[in-house]
Amino acid sequence: MGQNKLMTGVALGALAGAILTMFDKTTRVQTGQCLKSMGTQTKGYISNPTQAIHDFRNQYERATNTLTQRTNDIVSFLDQMEGYLDTVEQQTEDQQEKLET
């Protein structure tokens, strides 16, 4: 029951936000241009479904490549942090040994 209210609230909030943003002329113009472009693209895909499949495949490959690149960046960063932490840990151990002697 609570989830129904949540989803209703989210939907109403999104609708209210969309209505309020349409008071800005620039936003209305950009939204109209975007919708016209989407309509034209959709008509093109309907008349040429192979182009739709080709475009989808290209977008998928770009997204996959970007995800792979970002994952590699994160792994590299984590490796660097691990090396840094190992250095700090070793320095801390060395200082403790000096204090004990």
Angle in degrees between helix 49-100 and the longest Cα principal axis of the chain, rounded to the nearest 10: 20
Over the chain: Rg over Rh, Cα atoms, Kirkwood Rh: 1.34
Computed label-point distance, nm, for sites residue 20 and residue 37 using a 7 Å Cα→Cβ extension: 2.6
Estimated 222 nm signal from helices in the chain, with DSSP H stretches of n ≥ 4 weighted -39500 (n - 2.57), rounded to 500: -34000 deg cm²/dmol
Segment residue 45-residue 97, length gained on full extension (0.36 nm per residue, minus Cα span): 11.6 nm
Choice from 31, 64, 87 with maximal GNM fluctuation in the chain (Cα, 10 Å cutoff): 87
Reach of residue 43 by Cα under 15 Å, taken over aspartates and glutamates that are not fewer than 8 positions away in the same chain: 55
In degrees, nearest ten, helix 2-21 long axis to first principal axis of the chain (Cα): 70
Folded to 0 to 90 degrees: helix 25-47 orientation relative to the chain principal axis, Cα: 80
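Only the coordinates and a few stated rules stand behind these numbers; no lab work does. This structure is a prediction, so every number in the text was calculated from the model and none was measured. Positions of Cβ are backbone-derived with ideal geometry, glycine not excepted, and every protein chain shown enters the neighbour counts.
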